[in-house]
Amino acid sequence: MADVLWGLATSHVPSIGAAMDRGKTEDPNWKDLFDGYAPARAWLAEHRPDVAIVVYNDHANGLDLDIVPTFGIGTADSYPVADEGYGPRQVPDVIGDPELSLHLLESLVDEGFDLTVFQELEVDHGLTVPLSVWTPDPGDAWPCPVVPILVNVIQYPQPTAARCYALGQALGRAIRSYREDVTVGILGTGGMSHQLAGSRAGFINPEFDAMWLEKIQTDPAALAGLSREELIREAGSEGIELIMWLIMRGAMHEQVTKVHSHYFLPASNTAAGIALFDNRPA
Amino acid sequence: MTAVLTAIPTEGTSMSTHETGGRLNVPGTPIFDGQTSRRGLRLNKMLMSFRSADNRERFSADEAAYCAEFGLAPEQTQAVLDRDWTAMIDLGGSIFYVYKLAMMDGRSMQYLGGVFTGMTEEEFQAELRAGGRRDG
Ligand SMILES: [Fe+2]
């Protein structure tokens, strides 16, 4: 039986990738962030899964606004790294696991989650930065194949936090019903609090973020009870993307063990968080 | 903040997904909703086209003609030509799309943040480094 080995929640701010790509991780503006990643990276290097699921959103790179799927899943053999306007990041293309993708798709549709299927998809920083947070020096290839799950967090109405959490729970059941005996790492990406536009641009809410970092482990159902309005008000118009962490969390067991967490600001305009959980029974 | 902490039920979940019949209103916060996206579709499609170097070149050669090609409304074209970032957002631009034009101009997200809040880029950056901005 397949199961989730670990869950990694992390911001996917493009500048984190840029800081790594340009060798700025020792820069005083960045050092604390990358020092904060070190314990998680060390643990992850010792716990390589067979496959990873990355829950993320595209930022006007792989998708435009012609079609705005609320939830989507990639079923491709591989996912090229998108050119976001200044050339693609110099990181490996992402290898897929179509067999697992199709199994997850069928299980989720059977449970009433009608995901849009992406047979071709270029992946942007929303997916590649979390992979870099996990694996700073991938060499020629990322540690394992990846199944992308996409969430619309850019255009209102975003799915509710409750729906994301329920999708995560269905995803967990789908993983555990996979016939292959594989271990799965799941990444929930985005956040934490931030707002990019409007006169409230630059809004950051460390108290909310601290609450979220704690409850994502201990009481995700409470977070799933937050409305869109509360999320936009308290986490900012872009901070609402934290709902993607709930998909990760929902796929994990009720009790998880925290390996490491860290909070840093600012990563460009954003509060950046990382939280790594071991899904194996303690 | 206290509002949300008290709004979190201690057990179980409560879905409060139906804000109101009207559009969501959070002060100082553009909500990129369906109406906004309808209004901004042509503009956003043009901004999306800047993913390709060829298109970036063609735009730079004749910005107004390129806007016309994408069918922008006159006020959207004006906002683009003037680099009126606030107007672009008001006229339906999504920040992720508008940012593509800013990047072409060598502008950062902190520069845009400064424009949106009436600060210089340095002042905006300093507020972020000091822990970010709060409400009000
Ligand atoms: Fe994002």
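Among the residues of the stretch A:210-225, write down those that are facing another protein chain (nearest Cβ under 7 Å) and open to solvent by 10 Å² or more (accessible area, probe 1.4 Å).
A:MET211, A:ALA221
Quick one: in the stretch A:54-88, of everything that is more than 14 Å from chain B (Cβ to nearest Cβ) and over 24 Å from A:GLY250 (Cβ atoms), which residue is surrounded by the fewest Cβ atoms within 10 Å (Cβ to Cβ)?
A:ASP77
Examine the stretch A:140-150 for a residue that is within 16 Å of the ligand (Cβ to nearest atom), over 23 Å from A:ARG89 (Cα atoms) and within 14 Å of the chain's Cα centre (by Cα), and state whether such a residue exists.
no
Considering only the stretch B:72-95, how many residues are within 14 Å of chain A (Cβ to nearest Cβ) and either open to solvent by 40 Å² or more (accessible area, probe 1.4 Å) or among the basic types (Lys, Arg) (or both)?
So the count comes out to 3.
Which ones in the stretch A:65-87 are in a loop (DSSP other than H, G, I, E, B) and in contact with a Gly (Cβ under 7 Å, 6 or more places away or on another chain)?
Result: A:ALA76, A:ASP77, A:ALA82.
State which residue pairs qualify: first residue more than 7 Å from chain A (Cβ to nearest Cβ) and inside the stretch B:23-48, second residue in a loop (DSSP other than H, G, I, E, B) and of a type in the set (Val, Ile, Thr) in any location, beta carbons under 7 Å apart, and separation of 6 or more residues or different chains.
If the second residue must be in a loop (DSSP other than H, G, I, E, B) and of a type in the set (Val, Ile, Thr), the pairs left are B:ARG23/B:ILE31.
What number of residues within the stretch A:89-127 satisfy the criterion of being of a type in the set (Val, Ile, Thr) and open to solvent by 50 Å² or more (accessible area, probe 1.4 Å)?
Of the residues in the stretch A:89-127, 4 are of a type in the set (Val, Ile, Thr) and open to solvent by 50 Å² or more (accessible area, probe 1.4 Å).
Modelled with pLDDT of 95 or more, touching a Cys at 6+ places or on another chain (Cβ under 7 Å) and farther than 15 Å from A:HIS12 by Cβ - does that describe any residue in the stretch A:254-274?
No, every residue in the stretch A:254-274 fails to be modelled with pLDDT of 95 or more, touching a Cys at 6+ places or on another chain (Cβ under 7 Å) and farther than 15 Å from A:HIS12 by Cβ.
Does at least one position in the stretch A:243-255 carry a residue that is at the interface with another protein chain (Cβ under 8 Å from one of its Cβ atoms) and within 16 Å of the ligand (Cβ to nearest atom)?
Here is the first cut: in the stretch A:243-255, the residues at the interface with another protein chain (Cβ under 8 Å from one of its Cβ atoms) are none.
No; the residues of the stretch A:243-255 include none that is at the interface with another protein chain (Cβ under 8 Å from one of its Cβ atoms) and within 16 Å of the ligand (Cβ to nearest atom).
Counting just the residues of the stretch A:1-41 that are closer than 30 Å to A:HIS103 by Cα and in a helix (DSSP H, G or I), which one comes out farthest from the ligand (Cβ to nearest atom)?
A:ARG41
For the list (1) within 14 Å of chain B (Cβ to nearest Cβ); (2) aliphatic (A, V, I, L, M); (3) farther than 16 Å from A:LEU63 by Cα; (4) within 15 Å of the ligand (Cβ to nearest atom), I need the number of the one condition that A:LEU131 fails.
Every condition holds for A:LEU131 apart from (1).
Looking at the stretch A:12-53, which of its residues are of a type in the set (Val, Ile, Thr), touching a Ser or Thr at 6+ places or on another chain (Cβ under 8 Å) and surrounded by fewer than 17 Cβ atoms within 10 Å (Cβ to Cβ)?
Within the stretch A:12-53, none qualify.
For every residue, the table says whether it meets (1) touching a helix residue (DSSP H, G or I) at 6+ places or on another chain (Cβ under 7 Å); (2) among the aromatic types (Phe, Trp, Tyr); (3) away from the ligand (no atom under 16 Å from the Cβ); (4) open to solvent by 10 Å² or more (accessible area, probe 1.4 Å).
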residue	(1), (2), (3), (4)
A:ASN152	no, no, no, yes
A:TYR165	yes, yes, yes, yes
A:GLY172	yes, no, yes, no
A:GLU180	no, no, yes, yes
A:VAL184	yes, no, yes, no
A:LEU187	yes, no, no, no
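Identify, by number, the condition in (1) assigned to a helix (DSSP H, G or I); (2) crowded, with 24+ Cβ neighbours inside 10 Å that A:GLU207 doesn't meet.
Just one mismatch for A:GLU207, condition (2).
Does A:LEU108 satisfy being over 18 Å from A:MET20 (Cβ atoms), hydrophobic (A, V, I, L, M, F, W, C) and assigned to a loop (DSSP other than H, G, I, E, B)?
no
Before we move on, is A:GLY198 within 12 Å of chain B (Cβ to nearest Cβ) and touching a helix residue (DSSP H, G or I) at 6+ places or on another chain (Cβ under 8 Å)?
The answer is yes for A:GLY198.
B:GLY114 versus (1) over 16 Å from A:GLY85 (Cβ atoms); (2) out of contact with any Asp or Glu (no Cβ under 8 Å at 6 or more places or on another chain): which is the lone unmet condition?
Among (1) over 16 Å from A:GLY85 (Cβ atoms); (2) out of contact with any Asp or Glu (no Cβ under 8 Å at 6 or more places or on another chain), the lone unmet condition for B:GLY114 is (2).
The values are calculated or read from the model by the stated rules, or taken from the named source; none is laboratory data. This is a predicted model, so every value here is computed, not measured. Backbone-built Cβ (ideal geometry, glycine too); neighbour counts: all protein chains shown. Heads up: the accessible areas ignore ligands, DNA and RNA and are worked out on the full protein's heavy atoms, side chains in. Shrake-Rupley method; radii C 1.70, N 1.55, O 1.52, S 1.80 Å.
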